[in-house]
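The values are calculated or read from the model by the stated rules, or taken from the named source; none is laboratory data. Computed from a predicted structure; not experimentally measured. Here the Cβ is made from the backbone with ideal geometry for all residues, glycine too, and neighbour counts use every protein chain on show. Protein only, heavy atoms only, side chains kept; ligands, DNA and RNA dropped before computing areas. Shrake-Rupley method; radii C 1.70, N 1.55, O 1.52, S 1.80 Å.
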Amino acid sequence: MFSKVYSFGVIGIDGYVVTVETHISGGLPGFEIVGLPDNAVKEAKERVRSAIKNNQLSFPASRITVNLAPSDIKKTGAVYDLPVLLGILAAKGDLHPVSDKYAFAAQLSLDGSLRGVPGILPMAIKATEDGFTHFFVSRDNANEAAIVDGLNVIPVDNIAQLVAMLKGEAEMLPHTYIQKENTTEFVDFSDVKGQEEAKRAMEIAAAGGHNILMVGPPGSGKSMLAKRMPSILPPLSKAEAMQTTKLYSISGLINKDGGLITKRPFRSPHHSVSAAALTGGGHNAKPGEISLANNGVLFLDEFPQFHKDVLEALRAPLEDNVVTISRVSYTRTYPSNIMLVAAMNPCPCGYYGCENHVCSCSLTKRQNYINRISGPMLDRIDLHVRLEDVNWEELTSEEKAESSAEILKRVMTARQKQTERYKGLDFDTNSNIPPKYMDKFCKVTDKASKVLERVFKSLNLSARSYDKVLKVARTIADLDGRETINEIHILEAVQYRDMDRRI
């Protein structure tokens, strides 16, 4: 007695088909699951046995062998509970052979009710790609799976209901996708008093997708500005929203009412975060903070307080827009197209260079503090901006500052220029221009070229820093409505290399 039932696994952010093959034979009673199952998959045996018995179905007193194919890929999680149970019922003859156009993914409770599992969205996408017509999931996962068009997502509460559906005794009613309104309100730039230079730098960063570092004393508004960055970023495109939702899906961060993520992510891990938590990994690979911030903002407050290995782990993802996790048992690649927003004090006490406070740090302490951030790491940050204390007049002024909506209009105009300029290429923002396209897209006037030469020599810029200055100048020119970069754009871009000058 033999049966086949189809399910899915996830590698990276993509799903793959898993064929659950069940064979029931004579001999001493036994229940084995093969095909590189992890402990969670092996524990399915007890969940399946209890669910069958608690629903007045008979569990075969025979030798049961379940193979999860392909057998050379490690299977993880409780997603195979339901297909294993159905495979046993079909092999035993309690069900007709299950259609090869049906797929199943759900975790079982001991009483036979179904629970949600992570990674349903990439599974649903793979189901449509491979021609499956019906995808049976728990009700908790139904709305998430229904994001995918062209697939009948059947929500199931328990195995009794599912068995009745498969026998034709109950109707299969597909779930209709419901986009939940996102009630999260981004805070607004109009709340920020003063700090006009920093606001301008944030606008440039948003317009070109640049990384930015803010240096200033405690209370100068660094965190306040960072938290408002998503409010001036363009809305997610459909492709970006789908990619971001897939990452949150496999991380188990989408609740039962959740659907497509339509707001840009904002992640702010504590400075005690480990390198593995930031980049991803673990026994069963999962995306880290840098991937969960994909297509959004990763905010690192108290930048020098992060462990050195954590900061160095950021270097490759910032350059390549992907993070590759290599372990003995697996290699996974996750997208990490982020905007890094970092904030730090100018010294350990926080008041070096402030007019209204006296710094208590020695020169050695200040230098050691700055040196926690390596030169290669600073090179990968496009804009460095210095913040000063807000004065009394600015703080008590009743004049309303410029709102996020007004800034966003200029950002959107600049982004539209970049979209048209880079149409047909594999990048769409100034921050991601590859070296081979720099000469083509970052044309400068003769006067600007001479200014850039003087700056390069006086600041001893690296080749990467030189590229960063040009890319930032390209964005400033876009905001200015100019196609050619002039000396004004270069001078403003150089102004945002504060840390180069300090070091």
Task: Angle in degrees between helix 446-459 and the longest Cα principal axis of the chain, rounded to the nearest 10 - done: 90
TODO: Quick one: compute the contact order of region 137-248, relative version, from alpha carbon pairs under 8 angstrom and 6+ residues apart, as a percent.
DONE: 20
- [ ] With no solvent and one equal point scatterer per Cα, compute the Debye intensity ratio I(q)/I(0) for region 139-254 at 0.13, 0.16, 0.22, 0.24 Å⁻¹ and report its log10, rounded to two decimals.
- [x] -0.71, -0.89, -1.24, -1.33
- [ ] Can you tell me the 0 to 90 degree angle between the C-alpha axis of helix 196-208 and the longest principal axis of the chain, rounded to 10?
- [x] 50
TODO: State the Cα centre-to-centre distance between region 421-435 and region 80-145 in whole Å.
DONE: 41
TODO: Quick one: what are the phi-derived ³J(HN,Hα) couplings along region 298-303, Karplus 6.51/-1.76/1.60 with θ = phi - 60°, whole Hz, x for glycine and proline?
DONE: 10, 9, 10, 7, 6, 3
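Could you give the dipole magnitude of region 365-406 about its Cα centre, charging the beta-carbon of Lys and Arg +1 and that of Asp and Glu -1, in debye to the nearest 20?
Values: 6 positive and 10 negative charges, 137 e Å.
Magnitude of the dipole: close to 660 debye.
Please state the charge dipole magnitude for the chain, taken about the Cα centre, from unit charges on C-beta atoms (+1 on K and R, -1 on D and E), reported in debye and rounded to the nearest 20. Mind dumping the intermediate values first?
Details: 60 positive and 60 negative charges, 224 e Å.
Rounded to the nearest 20 debye, it is 1080 debye.
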Task: Derived scalar couplings ³J(HN,Hα) [region 245-254; Karplus, 6.51 cos²θ - 1.76 cosθ + 1.60; whole Hz; x for Gly, Pro] - done: 5, 4, 5, 6, 5, 5, 8, x, 9, 9
Open item on the list: Can you report the principal axis dimensions of region 1-138 using only the alpha carbons, biggest first, rounded to whole angstrom?
Closed with: 40, 28, 24
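Based solely on its DSSP helices, what 222 nm [θ] is calculated for the chain when runs of n ≥ 4 H residues each add -39,500 (n - 2.57) and the sum is averaged over all residues, nearest 500 deg cm²/dmol?
Values: 22 runs with 189 residues, N = 503.
That calculation yields -10500 deg cm²/dmol at 222 nm.
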Task: Positive-pole candidate from Val5, Ala103, Ser404, dipole of the chain, charges at beta carbon - done: Val5
Task: Assigned charges on the beta-carbon of Lys, Arg, Asp, Glu; region 336-462 dipole about Cα centre (debye) - done: 800
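Please calculate how many Å² of accessible area the chain carries per residue, with a 1.4 Å probe and no DNA, RNA or ligand atoms counted. Walk me through the numbers on the way to the answer.
Numbers: 22550 Å² over 503 residues.
Accessible area per residue: 45 Å².
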Task: Probe 1.4 Å - accessible area at Phe427, Å² to nearest ten - done: 20
TODO: Compare the Cα positions of Ile204, Ser362, Gly35 along the charge dipole of the chain (+1 at Cβ of Lys, Arg; -1 at Cβ of Asp, Glu; about the Cα centre) and return the one farthest towards the positive end.
DONE: Gly35
